[in-house]
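Peer 1: Got a structure for you, questions after.
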Amino acid sequence: MAKINRDFIDKHWSVFLFRGGLAAAFGCYALFAGLTDFNNAISVISVLLLLMGIVDAVGALFSSTKKHGWFNAVIDAAIDVAAALTLLFSANNITNVVIIISVYTILSGVIDIIHGFLSTIDPTDRFIRILAGISGCVIGLVIFNAGGFEITTFIRFFGAYMLIVGATSLIYGVHNRSQEIEEKEARTLARKKKKSTSKKRSSKR
């Protein structure tokens with residue numbers, strides 16, 4: 001079993017599940033329900049990013065108690081909240097919205113790629129994070145060049161990215177949960193072996 005690098009791990013597995021659920025729900029809504037009203041779309045996206053920022057902040061608090069990885073979670077939370085507030089106060093036209101969302105998507109993708117290389121040596125975890133990161137960079141560039149389309153078009157692009165984030169986060173969270181269980185079982189087994197060895201040595205004396 002490839003171990004998680006505890007010096008760089010960014011969030012607890014449950015944070016990935018909550019974050020993934022939020023992202024997937026929005027992705028489905030944006031793709032299939034449609035957001036045709038400009039103000040409505042901005043409000044929904046801003047609330048989504050604020051909620052994701054809160055989840056990341058909780059992840060940072062958890063990581064700080066474990067004395068590892070809290071800085072990564074703080075960065076994620078700061079980006080989510082900054083994007084949400086910028087949308088709320090600066091998104092007075094579609095051009096600004098496209099720029100803000102595309103920059104957020106690309107930046108999130110780059111950070112996912114960095115996390116993929118730093119937070120784990122497990123090939124599954126690494127593949128999941130890097131896949132999400134590459135998707136973010138590609139879709140962010142597509143959104144940046146989608147200024148001439150209707151609002152529903154680039155919102156659907158963003159929704160597709162959120163759906164990818166949701167799916168990969170859920171998989172990542174479930175996989176990390178199974179890793180955590182395996183690690184606990186391995187530590188328990190190691191303690192039992194240590195006790196058994198100590199008893200054998202004592203009996204020989």
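The values are calculated or read from the model by the stated rules, or taken from the named source; none is laboratory data. None of the values given here were measured: they were computed from a predicted structure. Methodologically, a virtual Cβ is constructed for each residue, glycine included, from the backbone with ideal geometry; neighbour enumeration extends over all protein chains shown.
Peer 1: Any residue in the stretch 34-56 that's assigned to a helix (DSSP H, G or I) and among the hydroxyl-bearing types (Ser, Thr, Tyr): show its pairings with residues that are modelled with pLDDT under 90 and surrounded by fewer than 17 Cβ atoms within 10 Å (Cβ to Cβ) at Cβ separation under 8 Å, as long as the two are six or more apart or on different chains.
Peer 2: 46/88
Peer 1: Quick check: is even one residue across the stretch 139-157 crowded, with 20+ Cβ neighbours inside 10 Å, modelled with pLDDT of 70 or more and in contact with a strand residue (DSSP E or B) (Cβ under 9 Å, 6 or more places away or on another chain)?
Peer 2: Among the residues of the stretch 139-157, not one is crowded, with 20+ Cβ neighbours inside 10 Å, modelled with pLDDT of 70 or more and in contact with a strand residue (DSSP E or B) (Cβ under 9 Å, 6 or more places away or on another chain), which makes the answer no.
Peer 1: Okay, moving on. Only one residue in 131, 141 is aliphatic (A, V, I, L, M) and under 13 Å from residue 107 (Cα atoms). Which one?
Peer 2: None of the other options fit; the residue is 141.
Peer 1: Okay, moving on. From the list 64, 102, 119, 108, which residue is modelled with pLDDT under 80 and surrounded by 18 or more Cβ atoms within 10 Å (Cβ to Cβ)?
Peer 2: 119
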